[in-house]
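Please read the structure below before turning to the comments.
The values are calculated or read from the model by the stated rules, or taken from the named source; none is laboratory data. Note that the structure is a prediction, hence the values are computed from the model and not measured. Backbone-built Cβ (ideal geometry, glycine too); neighbour counts: all protein chains shown.
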Amino acid sequence: MKISVVMPIYNERATLREVVRRVLAVSLDLELVCVDDCSTDGSREILAELQKEHARIRVILQPKNQGKGAALREGIRQATGDFVIIQDADLEYDPAEYPLLLEPLIQGKADVVYGSRFMGGRPHRVLYFWHRVGNWILTMLSNAITNLNLSDMETCYKAFRRETIQSIHLEENRFGFEPEVTVKVAKRRLRVYEVGISYSGRTYSEGKKIGWKDGVRALWCLVKYGVKEPTAERAYIHSESTQSEHASNNREKPVSLQS
């Protein structure tokens with residue numbers, strides 16, 4: 001079993017080395033696909049150094065700044081693992097919790113797993129009240145449109161079967177990725193699980209980038225894809241043969257990647 005961790009990066013030199021260290025410290029056979037969105041703070045130079053030091057890192061350099069969604073789209077396209085996990089380049093989410101995200105996928109119960117910041121008893125940094133209200137509104141509207149009962153639609157931590165996420169045509173370039181992928185997952189009637197995760201949010205002075213305009217865009221994306229995206233005629237059923245293949249892969253030796 002091999003994991004592809006896709007990490008979009010834009011001006012994250014302050015946290016980049018540490019988050020990469022934490023990802024590579026996880027006891028899993030993984031590749032770290034780093035997609036730099038035309039950083040100007042030295043992040044690209046750090047990535048070049050890290051790629052030389054670690055064979056499991058692949059670096060993709062965007063030709064111009066396009067946004068988080070565009071970076072994720074390219075990283076997902078180039079992923080080669082059995083499962084794909086989305087990882088931000090800050091320190092808000094803990095890579096040590098990858099096994100929590102992967103368990104429903106490995107067991108053949110889920111096609112997609114969301115890591116919820118608002119369920120379970122794991123530690124959470126206390127920050128902005130109005131961000132929490134905004135997240136609740138977006139998640140509630142998302143649930144109304146998709147008929148899912150998620151507690152955290154906007155979470156970064158999402159894990160997918162690779163063939164599942166690569167089969168979804170993604171369009172959003174910025175932070176609209178979260179509502180877009182949620183609607184498209186629901187419209188395909190994929191099996192979605194949620195697991196509780198910890199969260200160490202950062203302030204704007206510490207580098208947080210998302211703002212109120214991104215919230216407005218998220219609302220538009222929910223409505224846009226809720227109307228435009230067709231609903232699958234029947235639920236997707238993950239075959240027993242593919243489950244057996246993943247179980248067999250779990251017993252294989254780790255595969256080293258060239259940088």
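Observations, loosely collected:
- Extreme residue, farthest from W220 (Cα to Cα), among residues of the range 165-201 that are touching a helix residue (DSSP H, G or I) at 6+ places or on another chain (Cβ under 8 Å) and hydroxyl-bearing (S, T, Y): S198
- Any chance A144 is among the hydrophobic types (A, V, I, L, M, F, W, C) and touching a residue at least 60 places away in the same chain (Cβ under 8 Å): no
Residues checked against (1) polar (S, T, N, Q); (2) buried (at least 16 other Cβ atoms within 10 Å of the Cβ); (3) at pLDDT 95 or above:
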{"residue": "V20", "(1), (2), (3)": "no, yes, yes"}
{"residue": "L24", "(1), (2), (3)": "no, yes, yes"}
{"residue": "L32", "(1), (2), (3)": "no, yes, yes"}
{"residue": "D36", "(1), (2), (3)": "no, yes, yes"}
{"residue": "T40", "(1), (2), (3)": "yes, no, yes"}
{"residue": "K52", "(1), (2), (3)": "no, no, yes"}
{"residue": "R58", "(1), (2), (3)": "no, yes, yes"}
{"residue": "Q62", "(1), (2), (3)": "yes, yes, yes"}
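- Test: residue in the range 52-68 that is in contact (Cβ under 8 Å) with a residue 12 or more places away in the chain, out of contact with any helix residue (DSSP H, G or I) (no Cβ under 8 Å at 6 or more places or on another chain) and basic (K, R): yes
- Any chance T155 is at pLDDT 90 or above, assigned to a loop (DSSP other than H, G, I, E, B) and not hydrophobic (A, V, I, L, M, F, W, C): yes
- Note on the range 1-29: residues that are within 15 Å of the chain's Cα centre (by Cα) and more than 19 Å from E92 (Cβ to Cβ) amount to 2.
- Filtered by the rule that a residue be more than 15 Å from the chain's Cα centre (by Cα) and among the aliphatic types (A, V, I, L, M), the range 44-82 gives I46, L47, A48, L50, A55, I57, V59, I60, L61.
- Sole exception among (1) among the aliphatic types (A, V, I, L, M); (2) buried (at least 23 other Cβ atoms within 10 Å of the Cβ); (3) farther than 28 Å from C38 by Cα for A159, by number: (3)
- Taking the criterion of being buried (at least 21 other Cβ atoms within 10 Å of the Cβ) and part of a helix (DSSP H, G or I), the residues of the range 132-152 that qualify are L138, T139, S142, T146.
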